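Chemist: To start, I am sharing the structure in question, which I have written as structure tokens.
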């Protein structure tokens, strides 16, 4: 006969056994990651700053497409960006904040950020900074750009073959070597197929101002230009050309959707592969400060798709010249090259050195316009 006291003892023992079992189960299922399984690795933070909005359809948009490819190809990366950062003291503030937030790699994607990158990099020696289109480096600062002048030359061939008025308008941002180099390369391409054509330059002193850029294009159209090209961040000059029933050569991205009846083609950027390669090199500690200036053979620059108005013989001519450039058999600034006054600046069969191209402060023959100091 089981007594009441015995029942109580049996129940107590059963309760203790259940508690012990629960503790054991909890212990097996709830181990801390640091004990028997590896902790989830934290993502490396990478930041970008842009001079314009990512929706500009041009320069900043192209960089942001590269950022997105970086995130897609490297799941261990967490990216962030700050858009519409002026090329002034505000850039220093933004760069500092990004470094303080734990970003290990920061891409500053506009020329005017150069000196601010240098200042902030000194304060954060463990952060790697990459500055686009600049020329100042440090132990933790590298520069990067593409030889866009090669694609500019090819687009000049398209424009030179298309013009009937022999007046081509060029809406230009700022009179810095990068922009001057592009104007010269484009003009050499034009004159290679049409020595009678001239390239008229109008400066806007803006990177992103659709209204100003469109007005500049209109002023060129009013003076007889029947092809418009640009070094700007928006498709506004292209739209001005289409509205007048004229043609255009775009820049930065494939802009045909914005002016399908006008755009012949245009030089385009492809930043993704460079961003992936560079971030990998920083993470595996093989990165070294350098001034990278990638050619067409690296696929960082190219010529965009053609519009239906471009003739087949023009495409063939461009393809042949592109092949020479990609194979390193010829480059754009190979003499003889004359300046606006007819003085020989590059002798026959000689090629301009990179340093000379990076410091361009004169126009080639065929350009109508001046470079303000």
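Chemist: Taking segment 215-244 only, how many residues are more than 24 Å from residue 109 (Cβ to Cβ) and in contact with a helix residue (DSSP H, G or I) (Cβ under 7 Å, 6 or more places away or on another chain)? Working first, answer last.
Modeler: Narrowing segment 215-244 to residues more than 24 Å from residue 109 (Cβ to Cβ): 215, 217-228, 239-244.
If we keep only those that are in contact with a helix residue (DSSP H, G or I) (Cβ under 7 Å, 6 or more places away or on another chain) too, we end up with 217-218, 221, 227-228, 239-241, 244.
Of the residues in segment 215-244, 9 are more than 24 Å from residue 109 (Cβ to Cβ) and in contact with a helix residue (DSSP H, G or I) (Cβ under 7 Å, 6 or more places away or on another chain).
Chemist: Which one of 271, 330 is in contact with a helix residue (DSSP H, G or I) (Cβ under 9 Å, 6 or more places away or on another chain), at pLDDT 95 or above and under 22 Å from residue 62 (Cβ atoms)? If you could, list the steps in order and put the result at the bottom.
Modeler: Details: 330 fails: under 22 Å from residue 62 (Cβ atoms).
Unique residue meeting the criteria: 271.
Chemist: Could you tell me whether any residue of segment 232-239 is in contact with a strand residue (DSSP E or B) (Cβ under 9 Å, 6 or more places away or on another chain) and surrounded by fewer than 24 Cβ atoms within 10 Å (Cβ to Cβ)?
Modeler: yes
Chemist: Pick from segment 327-351 the residues that are in contact with a strand residue (DSSP E or B) (Cβ under 8 Å, 6 or more places away or on another chain) and assigned to a loop (DSSP other than H, G, I, E, B): which of them is nearest to residue 184 (Cα to Cα)?
Modeler: 333
Chemist: Scan 251, 274 and give me the residue that is under 21 Å from the mean Cα position of the chain (by Cα) and more than 28 Å from residue 371 (Cα to Cα).
Modeler: Details: 251 fails: more than 28 Å from residue 371 (Cα to Cα).
So the residue among 251, 274 that is under 21 Å from the mean Cα position of the chain (by Cα) and more than 28 Å from residue 371 (Cα to Cα) is 274.
Chemist: Being in contact with a helix residue (DSSP H, G or I) (Cβ under 8 Å, 6 or more places away or on another chain) and either outside the structural domain of residue 110 (by TED's automatic domain parsing) or surrounded by fewer than 23 Cβ atoms within 10 Å (Cβ to Cβ) (or both) is the filter here; which residues of segment 120-131 pass it?
Modeler: Correct list: 123, 124, 127.
Chemist: Does residue 98 satisfy the criteria of being in a helix (DSSP H, G or I), at pLDDT 95 or above and either in contact with a strand residue (DSSP E or B) (Cβ under 7 Å, 6 or more places away or on another chain) or under 21 Å from residue 65 (Cα atoms) (or both)?
Modeler: On the way: in a helix (DSSP H, G or I): yes; at pLDDT 95 or above: yes; either in contact with a strand residue (DSSP E or B) (Cβ under 7 Å, 6 or more places away or on another chain) or under 21 Å from residue 65 (Cα atoms) (or both): yes.
Here the answer is yes, as residue 98 does meet what is asked.
Chemist: Going by the conditions given, is residue 84 modelled with pLDDT of 95 or more, within 20 Å of residue 176 (Cα to Cα) and within 16 Å of the chain's Cα centre (by Cα)?
Modeler: So residue 84 fails the test.
Chemist: May I ask you to list the residues in segment 289-326 that are touching a residue at least 24 places away in the same chain (Cβ under 8 Å), more than 30 Å from residue 107 (Cα to Cα) and either assigned to a loop (DSSP other than H, G, I, E, B) or under 21 Å from the mean Cα position of the chain (by Cα) (or both)?
Modeler: Once the filter is applied, which keeps residues that are touching a residue at least 24 places away in the same chain (Cβ under 8 Å), more than 30 Å from residue 107 (Cα to Cα) and either assigned to a loop (DSSP other than H, G, I, E, B) or under 21 Å from the mean Cα position of the chain (by Cα) (or both), segment 289-326 yields 306, 307, 309, 310, 311.
Chemist: Looking at 168, 183, which is the one that is touching a residue at least 60 places away in the same chain (Cβ under 8 Å), under 21 Å from residue 325 (Cβ atoms) and not assigned by TED's automatic domain parsing to the domain that holds residue 53? Give the derivation first.
Modeler: Details: 168 fails: under 21 Å from residue 325 (Cβ atoms).
The unique qualifying residue is 183.
The values are calculated or read from the model by the stated rules, or taken from the named source; none is laboratory data. A quick note: this is a predicted structure, and the numbers were derived from the prediction, not measured. Glycine gets a Cβ as well: all are built from the backbone with ideal geometry, and neighbour counts include every protein chain shown.
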